[in-house]
Amino acid sequence: MPEIREELFRQVMKDFDWEVEEVVHAAGMMAATRATLGRVRQLTTRQAGFAKCIWFSTEAAGPQTQFLSARARLQRIAARLDLIRGDNKVPLVPLLTLECSEIHGCLIIVMEPVTPFSSGLPGIGRPTVAAELLRRFTPTRTQGGYWTHFDICPANTGLTSSGLPVLIDPESMYLLQGNSSEDVSCLAAKWVRAPERWFKDAQDALKEESFTEFGLHKHCYETLLLAAEVTLGQQANINPGDNSAEAWVLRWLASLTNPALEVWVPFWRETLVRAMDRHVRPDLEAIADRLDEIHRSIANSSLSPEGQSILEEQGYELQVPVALDDYARQMRADSLSEADLRCYLQALIEDGRSSNNASPWIEAALLSLCYLRERSTALDVVKEGVEAHPTNTTLRKWKEMIHLWVRESTHA
């Protein structure tokens, strides 16, 4: 059956002027049983894309599949996405093709390629990216109601080629209007990332037609948890058997003992615990401002007396930075010239070669890719890093990712 669907997927994509370059086998409820995914390329323009083909359910399917992949439900999703995609204030991944096809019996979504946040975790903490995603993911009113996403996590979010944070999983986008819950037809989400009571709260909200406020608060909380992961460079360590976020969030943060994170751990502990209180919806923009303020204080550190006082007022303490840390902070504050960046790169490579530490190679790859914007240099760096540290999973992920980007740019 999967092989037949893959061939059918290739034919469907060809009919819509897309060539399938690779079928992707992804984990997850939808991807595993009801959809076919693949990396595709437009036949005429050669533009790259990522396709998701969700098949209409048949009478032979189980009850859950019949519900989730029902023709009427997929038609509603297509209509909703068509409305949302026209609003440039909604941070949804650009949709290149959107079609609910009766002839082919499926909903076809082709998206602009995106680098998921999950592919960079564990990795370098990026507080400036976290602040930007907080601002972009703040739900606002658009045509048809408040836009919101019901399944925010590192795998369902990422960065476009231009560096913009976007929401990837389009079917989880909803428009919430007043107290109506008519548009919310499925409570599928990663509930293990949320406080223990929230699944029942969602069920109650649907019955009482008060889902809008619940949905907006859940969206904001999940955005904060994602921002914490991006800031810390660590994906939340969740025990699959423990669905109480009140407990595992604190255990996860307590496990992060790297001195470089000592400012951020108490910040996110306070912020996430407060966001679990459903009486007050988190103000994502205000939290982004606070995150930026702390980051600037760190970036200005040696520290300046003003920066030190800001952190002391908030109860944070900093280690005295070493030379490479000074470079790192100045780089993230965009205060290094190209010549300075190349000096920092050389210092990292020398540190990587003289020590038994993989971190300099990861930082050097980040510098080459994001600041010098030299993919070939980044690839050379991670290749040498992987040779020195063949079992380091983070370096190997970076090598695979950068190799893919280099290949994409070569074929573009």
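The values are calculated or read from the model by the stated rules, or taken from the named source; none is laboratory data. No experiment lies behind these values; they were computed from the predicted model shown. When we count neighbours, we look across all protein chains shown, and the Cβ atoms used for this are built from the backbone with ideal geometry, even at glycine. Side chains are part of the model used for accessible areas, which takes the heavy atoms of the whole protein and leaves out ligands, DNA and RNA. Shrake-Rupley method; radii C 1.70, N 1.55, O 1.52, S 1.80 Å.
Placing R251, R329, R375, R34 in order of accessible area, with the largest value first and a 1.4 Å probe, yields R251, R375, R329, R34. Using a simple spin-label model with pseudo-atoms 7 Å out from Cα toward Cβ, E3 and S255 lie 4.1 nm apart. Zone of V24 (label point 7 Å along Cα→Cβ, backbone N under 17 Å): which residues in the range 87-106? Only 92-98 fall inside the zone, counting backbone N under 17 Å.
Peptides 205-211, 356-362 ordered by packing proxy, namely the average of other Cβ atoms within 10 Å per residue, highest first: 356-362, 205-211.
Residues in the range 87-178 average 33 Å² of solvent-accessible surface per residue, probe 1.4 Å, ligands and nucleic acids excluded. For the range 264-298 and the range 136-162, compute the distance between their C-alpha centroids and round to whole Å. With the range 264-298 and the range 136-162 each reduced to a Cα centre, they are spaced 19 Å. Computed from the C-beta positions of T391 and E208, the FRET efficiency with R₀ = 51 Å rounds to 0.45. Peptides 75-86, 220-231, 103-114 ranked from most to least packed give 220-231, 103-114, 75-86, packing being the mean of other C-beta atoms within 10 angstrom over each peptide's residues. The modelled label-to-label distance for the pair E384/D326, using points 7 Å beyond Cα in the direction of Cβ, is 2.3 nm. Given R₀ = 30 Å, what would the calculated FRET efficiency be for E102 paired with A188, taking r from the Cβ atoms and rounding to 0.05? It comes to 0.75. Model label sites at Y371 and S161, defined 7 Å from Cα along the beta-carbon direction, differ in position by 2.5 nm. Can you compute the label reach from T142? Point 7 Å from Cα along the Cβ direction, backbone N cut-off under 19 Å, restricted to the range 66-97. The answer is 74-97. Farthest toward the positive end of the dipole of the range 331-385, out of A378, L345, N356, is the Cα of A378, where the dipole comes from beta carbon charges about the Cα centre.
A Förster radius of 41 Å combined with the Cβ-Cβ distance from Q346 to E262 puts the calculated FRET efficiency at roughly 0.90.
Placing +1 on the Cβ of every Lys and Arg and -1 on the Cβ of every Asp and Glu, with no other charges, gives the range 44-160 a dipole of roughly 300 debye about its Cα centre.
Of the GluC sites (Glu not before Pro) found in the range 84-138, the ones in coil according to DSSP and having at most 10 other Cβ atoms within 10 Å of their Cβ are E102.
The trypsin sites (Lys or Arg not before Pro) of the range 114-144 include none that DSSP puts in a loop with a beta carbon having at most 13 other beta carbons within 10 Å.
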